[in-house]
1. State whether one or more residues within segment B:122-141 are at pLDDT 90 or above, in contact with a Gly (Cβ under 6 Å, 6 or more places away or on another chain), in a loop (DSSP other than H, G, I, E, B) and more than 14 Å from chain A (Cβ to nearest Cβ).
2. State which residue pairs qualify: first residue at positive phi and inside segment A:238-249, second residue in a helix (DSSP H, G or I) and surrounded by fewer than 19 Cβ atoms within 10 Å (Cβ to Cβ) in any location, beta carbons under 8 Å apart, and separation of 6 or more residues or different chains.
3. Going through segment A:187-204 one residue at a time, which ones are crowded, with 21+ Cβ neighbours inside 10 Å and either modelled with pLDDT under 85 or aliphatic (A, V, I, L, M) (or both)?
4. Give me the pairs: first residue in segment B:31-47 and in contact (Cβ under 8 Å) with a residue 24 or more places away in the chain and over 20 Å from B:VAL135 (Cα atoms), second residue among the polar types (S, T, N, Q) and not in a loop (DSSP other than H, G, I, E, B), beta-carbon distance under 6 Å, and six or more apart or on different chains, which are they?
5. Please tell me if A:GLY170 is under 30 Å from A:ALA30 (Cα atoms) and either without any contact (Cβ under 8 Å) to a residue 12 or more places away in the chain or not aromatic (Phe, Trp, Tyr) (or both).
6. (1) surrounded by fewer than 22 Cβ atoms within 10 Å (Cβ to Cβ); (2) under 14 Å from A:LEU249 (Cα atoms); (3) touching a strand residue (DSSP E or B) at 6+ places or on another chain (Cβ under 8 Å): which one isn't true of A:VAL145, the others all being true?
Number of protein chains: 2
Amino acid sequence: MSQTDMAHSPLAIIAGNGTLPCAVAASVAAGGRPVHIIGIRGEALPDIERYPHTWIKWGEIGKLFATLEGEGCRDLVIIGGVTRPDLANIKFDLGAIKTLPFILSLTIGGDDHVLSSVVRYIEGKGYRIRGAGDVAPQLLVPKGVLTQKSPSKEDEADIVTALRVVEALGRLDVGQAAVVARGYVLAVEAAEGTDAMLERCAELRKHRLRRKGGLAGVLVKAPKPGQEERVDMPTIGPHTVRNAAAAGLAGVAVASGRVLMAEREAMIAAADELGLFLTGVQLPPPADG
Amino acid sequence: MSQTDMAHSPLAIIAGNGTLPCAVAASVAAGGRPVHIIGIRGEALPDIERYPHTWIKWGEIGKLFATLEGEGCRDLVIIGGVTRPDLANIKFDLGAIKTLPFILSLTIGGDDHVLSSVVRYIEGKGYRIRGAGDVAPQLLVPKGVLTQKSPSKEDEADIVTALRVVEALGRLDVGQAAVVARGYVLAVEAAEGTDAMLERCAELRKHRLRRKGGLAGVLVKAPKPGQEERVDMPTIGPHTVRNAAAAGLAGVAVASGRVLMAEREAMIAAADELGLFLTGVQLPPPADG
């Protein structure tokens, strides 16, 4: 199949949780390309049934490839969060047994290692994995301020500090986010996720760091250098904004063009209501090494 | 006063919370040098009253220097944790008013900035600040394994990864600790402290990362490069070991000679009882820049 044929075949969307899988489907379908959503049971929302779809369970790797084959899909997007599955409780189907050495290799190493392995494995079978931002670019955070409020000079300085932290950690395959308030690094995200990190900041501020009134500090999210952005792009949504507000932060800054927005309108409305800024910052292209 | 006179004058110990201030006092007094403990009210334990002592409140900077003068102390150790004080609620005495511009400068910047400023200020008045490890070296974690259990090969690899994380972050004045399990960075410490970080790891393992039985993963603590180790040395104690066990970790590794032990015997006994290893790892000398 040529590249052109691939672009005209239905786009398969392997769907984890949240609203992004349907947002990608809506955007792609509006452009005239058919989609087929493959929902992971226990993860994807029932809303995916508004589109042509197939449900699969964790471990049904045989069924996954049979569906891609049957629907004539050669391009696929993997989108939406998943609960890190407990490999011990997964029942693998026939397709999976053949891939067992591959699956075992996934149990070692950081997130990026796992995801790159998945990507290589699927691409090795002749499929093409597309980033959600490639097929639906309007879901990416644009450059510039999205809200009524803009970052202050102090916020800008906090953004620079937080970007430095995220970059240093990203090189070690850790986290995608940090919180900095008035030059002080409050929290760094590792395995716990952004929501848990913001909750911790809320606690810290309540108990230890309340000094003067007013919102201060920023949440910064950016992909790790070398992160497999096609399948693991950082995401923000209304809950990110609400959690940032609960942590007493002044706003949220993310790498423009490299972070996805879930429920863009609701997110911006929430930020405006809560008095937070939301901004896309252009990162320099990653240096080699 | 000459260096020799300084070494024979009573050692002042400015005491925050925990058992270390008395441990330092006991060790120094056993060596024949008199001590005078200056306990910060609301922070230091009543046990300090076993030694010659004076209580001061946050903000009584005049009384602090009057005590040092009155007791003939020229050398001082600052030891024990403190709650980050809320500057808005501190009543400053006359000595403090003269130092107000200095105090205001403390409200900006990371922890290291604050501590270095304090050190410079006190030394500018002709006092000499000693590290607790300098005056009581037996409180420092030695090189090598302290427990019945030793780190496995897998643990050794996790230790290397965690040291890399701590080093990268330390350069940005963030945290002193990280948790790595089977190559995966579970948590990175910023403002929340080691105990809160370990609690989070315990939660993570309960809900998301329980895969196979057995303890796995390490807590690593090391001073930040450039950290003011005389007044802000990382510390471990029995509670660190207990929290690490609750997080399902196999052990604790710290930079030898650069981390203090609170209640050494109780800590090692707890580790042996819980089946954890405890080891001091020699770090390479910090590179410049």
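1. Applying the first criterion (at pLDDT 90 or above) to segment B:122-141 yields B:126-141.
Now narrow it down to the ones that are in contact with a Gly (Cβ under 6 Å, 6 or more places away or on another chain): B:140-141.
So of that shortlist, the ones also in a loop (DSSP other than H, G, I, E, B) come out as B:141.
After this cut, where a residue has to be more than 14 Å from chain A (Cβ to nearest Cβ) as well, the list is B:141.
Scanning segment B:122-141, I find at least one residue that is at pLDDT 90 or above, in contact with a Gly (Cβ under 6 Å, 6 or more places away or on another chain), in a loop (DSSP other than H, G, I, E, B) and more than 14 Å from chain A (Cβ to nearest Cβ), so the answer is yes.
2. Partner pairs satisfying both residue conditions: A:GLY248/A:ALA202.
3. Within segment A:187-204, the subset crowded, with 21+ Cβ neighbours inside 10 Å is A:187-192, A:194, A:197-198, A:200-201, A:204.
Once the filter is applied, which keeps residues that are crowded, with 21+ Cβ neighbours inside 10 Å and either modelled with pLDDT under 85 or aliphatic (A, V, I, L, M) (or both), segment A:187-204 yields A:ALA187, A:VAL188, A:ALA190, A:ALA191, A:MET197, A:LEU198, A:LEU204.
4. If the second residue must be among the polar types (S, T, N, Q) and not in a loop (DSSP other than H, G, I, E, B), the pairs left are B:GLU43/B:ASN17.
5. Values: under 30 Å from A:ALA30 (Cα atoms): no; either without any contact (Cβ under 8 Å) to a residue 12 or more places away in the chain or not aromatic (Phe, Trp, Tyr) (or both): yes.
No: the conditions fail for A:GLY170.
6. (2)
The values are calculated or read from the model by the stated rules, or taken from the named source; none is laboratory data. Quick caveat: nothing in here was measured; it's all calculated off a predicted structure. Heads up, the Cβs are rebuilt from the backbone with ideal geometry, glycines too, and the neighbour counts pull from every protein chain shown.
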